[in-house]
Amino acid sequence: MDGRFEGKVVLVTGGNRNTGLAIVERFVREGAKVYMCGSSEESTAKGAAELAARGLDVAGASEMRPYQVVSQACDISDAAQVDALMETIARESGRLDVLVNNAANQGLGHGGPLEMDPERFWDVLKTNVVGGFRVTQAACNRFFMKQESRGVVVFLSSNTAMRAIRKRTAYCASKGAINSMVRSLALDLAPLGIRVNCCAPGYIYTERWDVLDPAKAARRRLNCPLRKEASGADIAGVVAFLASDDSANMTGEIVTCDAGCSCQHMPEDVDV
Ligand SMILES: NC(=O)c1ccc[n+]([C@@H]2O[C@H](COP(=O)([O-])OP(=O)(O)OC[C@H]3O[C@@H](n4cnc5c(N)ncnc54)[C@H](OP(=O)(O)O)[C@@H]3O)[C@@H](O)[C@H]2O)c1
C-alpha cells in the first residue's frame, strides 16, 4: 500500500476540511503531491494550517521535502477560478494524475420541497454537478489527454442518491446526478484510457457531529449495522483504492461505504 502515489500529482476539491482533509492526508502519506482547494481564501488557508498542524509539508514551508500540499482557493462553480487553479498546477507540476471531486454544497436549511427557493436548488447543482463536471473536463483536456499514463477521476457521491433523506431535495438530486454522470463519463472516457469511479458514503464523522445532540448521534449509530459512522480516513481509503492501480479494471462504479445502511430494510429498533 505504501507509496502507491509516489511521484503522482493529485487534486482534491474541498480538501480544506472534514472528509477532504483526510483524503488529502491519505494521498500525501502515500507519496503524492496534492493540490487542494476550498471555496474561499479564508477556508482554504484554514485547511492548509490544519494540514500543517498534522505534520504535512504545506507549500511554502519547504520546497525540498518529498511530501507537499499546495493550497489555492477555487470556487468550482466559477469557470475562471477553475482555470486559474489548473494554470497553477500546469505551471508548478506540469501534470495531474488523479482528480478527486469531493467539494459539495450540502444544501442544508432549504426547507421542504413546497417552500424551497429554486435559486438555492440551482446553487447546489452548480457546485455539485456542473462544478464537478467542469473540473473533470478541465483535468482531462488540460492534463490527462496529454499524458501517456492518462489519469483517474474519483467523485464523492452519497448513499442518499439511492435512498433519500428529508428536506434535502437539491442535495439528493445532485448526488443522483453525480452517479449517472459518473457512468456516462466512464463510458465515454474508457476508450481514451481515463477511469471514472465514485465513492458513495453514508454517515461520515465531521465537525458537524461535534455539536450534535448525543442522543441523535446514538440513534444515527443504531441505524448503522456496523454501529459506527465512517471516519474521514475510512472514506479516504476507498477513494485511494479507486484512484490507484488496485482498481485498474474498474470504471463507472459506485462504491457504497455506509456501514451497511444500504443493505437493511429497517433499523434494528423498528419492530417489523
Ligand atoms: N458528511 C457526510 O456524512 C457525507 C455523507 C455522504 C456523502 N458525503 C459527501 O462526501 C463529501 C465530503 O463530505 P463532508 O461532509 O466532509 O463535506 P463538508 O464538510 O460539507 O465540506 C464541503 C467541502 O466542499 C467545499 N466546497 C463547497 N462548495 C464549494 C465550491 N463552490 N467550490 C469549492 N469548494 C466547495 C467546502 O469548502 P469551504 O470550506 O470553502 O466551504 C468544503 O471543503 C461531499 O461530497 C459530501 O457530499 C458526505
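Each reported figure results from applying straightforward, stated rules to the coordinates on display, with no laboratory input. Please read all numbers here as calculations on a predicted model, not as lab measurements. For neighbour counting, all protein chains shown are included, and Cβ atoms are generated from backbone atoms with ideal geometry for every residue, glycine included.
Seen from every direction in turn and averaged, the convex hull around the alpha carbons of segment 9-254 projects onto 13.6 nm². Annotation: the residues Cys257, Cys198, sorted from fewest to most other C-beta atoms within 10 Å of their own C-beta, follow the order Cys257, Cys198. Over the residues of the chain, the helix contribution to mean residue ellipticity at 222 nm works out to -11500 deg cm²/dmol, using -39500 (n - 2.57) for each DSSP H run of at least 4.
Net length available on complete extension from Gln264 to Glu207 is 17.8 nm, with 0.36 nm assigned per residue and the Cα-Cα distance removed. Compute the separation of the alpha-carbon centres of segment 82-121 and segment 17-35 and state it in Å as a whole number. Here the answer is 17 Å between Cα centres. Under a Gaussian network description of the chain, with springs only between Cα atoms under 10 Å, the residue in Gly260, Gly176, Gly232 that fluctuates furthest is Gly260. The ranking of Glu268, Glu50 by Cβ neighbour count inside 10 Å, starting from the fewest, reads Glu268, Glu50. In terms of other Cβ atoms within 10 Å, Met145, Met36, Met86 run from fewest to most in the order Met145, Met86, Met36.
Cross-link partners for Lys216 among the lysines, with Cα-Cα distance under 19 Å and sequence neighbours closer than 8 places in the same chain left out: Lys167, Lys228.
Translational diffusion coefficient, Stokes-Einstein: compute it for segment 190-252 using the Kirkwood radius over C-alpha pairs as Rh, at 10 °C and 1.306 mPa s, and state it as an integer in µm² s⁻¹. Answer from the Stokes-Einstein relation: 116 µm²/s.
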